[in-house]
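Before any comments, here is the structure.
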Amino acid sequence: MTHFWKVNGKWRIGRLILISMVLMLVSCFLYTFHQKILRQLYLEDRLEQQYGLEKDEYQMQSHFSKYGYGYDVTFHDDSRTSYAFNVREKNGDYTAVYVGYGFKETGYNENDFRAPEHMEFEQFVDDK
């Protein structure tokens, strides 16, 4: 008869710790992925309510920042510019904040002084 803490002469507690660490990492990944999806849906809803933008008009990429979950929105009609938003959570409510825009092209023409086509985000206010 084997002892409870040993299986075939090896410690069972090591396996238990390894399995618990893997489960903790998987649960952290699933939580952050779920939060990313919820915040992205919130931002898509805010863009549709305030500007009437449909999901097929733009492409959204997400990333983590120190201010929350960041999202870069790139429109199909202006693919050289990306517009940055942060979605934060405070007291259980989400808040979307427009951060600014950036040009995706690194080698731009110095004589190209065109402004981004969607400057209406400068007045973006997340009031529910």
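The values are calculated or read from the model by the stated rules, or taken from the named source; none is laboratory data. Bear in mind that the values here come from a model prediction, so they are computed numbers and not experimental data. All Cβ positions, glycine included, derive from the backbone under ideal geometry; neighbour counts span all protein chains shown. When the accessible area is computed, the model is the full protein with side chains, heavy atoms only, and any ligands, DNA or RNA have been set aside. Shrake-Rupley method; radii C 1.70, N 1.55, O 1.52, S 1.80 Å.
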In sequence order, calculated HN-Hα J values of segment 58-63 (Karplus, 6.51, -1.76, 1.60; Hz; x Gly/Pro):
8, 10, 10, 10, 10, 7
With a Förster distance of 22 angstrom and the Cβ-Cβ distance between LYS55 and CYS28, calculated FRET efficiency to the nearest 0.05 equals 0.20
Using a 1.4 Å probe and ignoring any ligands, DNA or RNA, find the accessible area of ARG80 and quote it in Å² to the nearest 10.
30 Å²
Potential extension, GLU120-ARG80 segment - 0.36 nm per residue separation minus Cα distance
12.7 nm
